[in-house]
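Worksheet for the structure shown next.
The values are calculated or read from the model by the stated rules, or taken from the named source; none is laboratory data. These numbers were taken from a predicted model, which means no experiment stands behind them. Cβ placement follows ideal geometry from the backbone for every residue including glycine, while neighbour counts extend to all protein chains displayed.
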Amino acid sequence: MAAHVLKRQFIRDSDGNPIGVILPLEEFALVEEALKQRLQATSIAEKINQMKKAAKDDLFMDDLRETMNVFEQADAQWSESG
């Protein structure tokens, strides 16, 4: 009985360009931690990018100011009652 050898399998788009890969578990284990760290760093970078965009978004800033005013009023009422 011949042993089966699992090799990398490339996933291709409709034009034949490689866009992904299926790895044997042994190979995945070798790169898993690096992938997690990269995804986490990308996620943090994307969050920072979204925060930069938000500061220039008029609707977001209007909502933020309105929310801050509501909290300011609620805080003032709480301070007066205490």
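Report whether or not Leu59 is of a type in the set (A, V, I, L, M), surrounded by 10 or more Cβ atoms within 10 Å (Cβ to Cβ) and either in contact with a Pro (Cβ under 8 Å, 6 or more places away or on another chain) or assigned to a helix (DSSP H, G or I) (or both). Criteria not met by Leu59. The single condition from (1) surrounded by 10 or more Cβ atoms within 10 Å (Cβ to Cβ); (2) touching a Phe, Trp or Tyr at 6+ places or on another chain (Cβ under 7 Å) that Pro18 fails is (1). When you scan the stretch 21-30, do you find a residue that is touching a strand residue (DSSP E or B) at 6+ places or on another chain (Cβ under 7 Å) and outside any helix (DSSP H, G or I), even just one? Yes, there is a match, as at least one residue in the stretch 21-30 is touching a strand residue (DSSP E or B) at 6+ places or on another chain (Cβ under 7 Å) and outside any helix (DSSP H, G or I). Note on the stretch 23-82: residues that are within 28 Å of Phe10 (Cα to Cα) and among the aromatic types (Phe, Trp, Tyr) amount to 1.
Table: residues versus (1) over 25 Å from the mean Cα position of the chain (by Cα); (2) hydrophobic (A, V, I, L, M, F, W, C); (3) modelled with pLDDT of 90 or more; (4) under 27 Å from His4 (Cα atoms).
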{"site": "Ile19", "(1), (2), (3), (4)": "no, yes, yes, yes"}
{"site": "Thr42", "(1), (2), (3), (4)": "no, no, no, no"}
{"site": "Asp63", "(1), (2), (3), (4)": "no, no, yes, no"}
{"site": "Ala76", "(1), (2), (3), (4)": "yes, yes, no, no"}
{"site": "Glu80", "(1), (2), (3), (4)": "yes, no, no, no"}
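Checked against (1) in a helix (DSSP H, G or I); (2) surrounded by 10 or more Cβ atoms within 10 Å (Cβ to Cβ), Phe10 meets all criteria but (1).
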